[in-house]
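Chemist: Shown below is the structure under consideration.
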Amino acid sequence: MKLSEVVNLAKKVSSFSYSPYSRFKVSAVLVGKEGVFTGVNIENASYGLTICAERVAVFKALSEGKREFEKILIYSPQKEVLPYPCGACRQVLSEFFSEDFKVIVANDVEVEEFSLGELLPFNFKL
Ligand code: THU
C-alpha cells in the first residue's frame, strides 16, 4: 500500500474520532502483509479512560490474531501539531513490534518517519 493511500485512509477515518474533550482528532492505520487496521482516539468523560488511536488499531489487529506489521501511520487533521505517539503507545508498540518497525506521523502539511527504536530506545522488555 502506497503512503498516499495510507494517508488518504487515515484522513477518511479521522472523522470517526470521538474527541469532544480535547477536540484533537487522531487516526491511525496499521499496515502489514496480514492486512490493514484502522483506529481513532476514543475519549471519555472520565478522562483517564481515553484510548489513543494507535492503540485501538493495534488492539483490533491483535484481537483478530494478526501480528505481522511493518508500519503504522498516525494522522491528525490539526495543522499546528504532529501527533507523535505518547509514551504509553510507544511501550505498547514495542511489546509487539521490532526496532525497525516504522512509525510515520502526519498532518495535512508535514510527514515524518521514524523507526520504533528511535522513538523508544532502551525499551522495557521482560
Ligand atoms: N492521542 C492519540 O490518539 N494518539 C497519540 O499518540 C497522542 C494523543 C489522543 C488522546 C486524546 O484523545 C487526544 O489525542 C489529546 O491528548
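The values are calculated or read from the model by the stated rules, or taken from the named source; none is laboratory data. Note that the structure is predicted; figures quoted are calculated from it, not measured. As a convention, Cβ positions derive from the backbone with ideal geometry for all residues, glycine included, and neighbour counts pool all protein chains shown. With ligands, DNA and RNA removed, areas are computed over all heavy atoms of the protein, side chains included. Shrake-Rupley method; radii C 1.70, N 1.55, O 1.52, S 1.80 Å.
Chemist: Using a probe radius of 1.4 Å on heavy atoms only, what accessible surface per residue do you get for the chain? Whole Å² is fine.
Modeler: 56 Å²
Chemist: Within 10 Å of each candidate Cβ there may be at most 12 other Cβ atoms; applying that plus a DSSP loop requirement, which chymotrypsin sites (Phe, Trp or Tyr not before Pro) in region 21-126 survive? Before the final figure, lay out the partial values.
Modeler: On the way: sites: Tyr21, Phe24, Phe37, Tyr47, Phe59, Phe69, Tyr75, Phe96, Phe97, Phe101, Phe114, Phe122, Phe124; in loops: Tyr21, Phe24, Phe69, Phe97, Phe101, Phe122, Phe124.
Sparse-neighbourhood loop chymotrypsin sites (Phe, Trp or Tyr not before Pro): Tyr21, Phe122, Phe124.
Chemist: Using a/c under 1.5 as the rounded threshold, could you call the chain rounded, prolate or oblate? The axes a ≥ b ≥ c are square roots of the C-alpha gyration tensor eigenvalues, and prolate needs a/b larger than b/c, oblate otherwise.
Modeler: rounded
Chemist: Given the pairs Lys11/Lys71; Lys12/Lys33; Lys2/Lys25; Lys25/Lys66; Lys25/Lys125, which span a C-alpha to C-alpha distance of over 20 angstrom in this model?
Modeler: Lys12/Lys33; Lys2/Lys25; Lys25/Lys66; Lys25/Lys125
Chemist: Just need the relative contact order of the chain here, percent rounded to a whole number, with Cα pairs under 8 Å and 6+ apart.
Modeler: Relative contact order here is 21 percent.
Chemist: If the chain between Phe96 and Leu82 were fully stretched, how many nm would it gain, using 0.36 nm times the residue separation less the Cα-Cα distance?
Modeler: 2.7 nm
Chemist: Identify the GluC sites (Glu not before Pro) of region 34-126 meeting these criteria: DSSP loop state and at most 11 other C-beta atoms within 10 Å of the C-beta.
Modeler: Those satisfying the criteria are Glu64, Glu68, Glu80, Glu110.
Chemist: Around Glu118, what is the net charge, scoring Lys/Arg as +1 and Asp/Glu as -1 over all other residues with Cβ under 12 Å from its Cβ?
Modeler: -2
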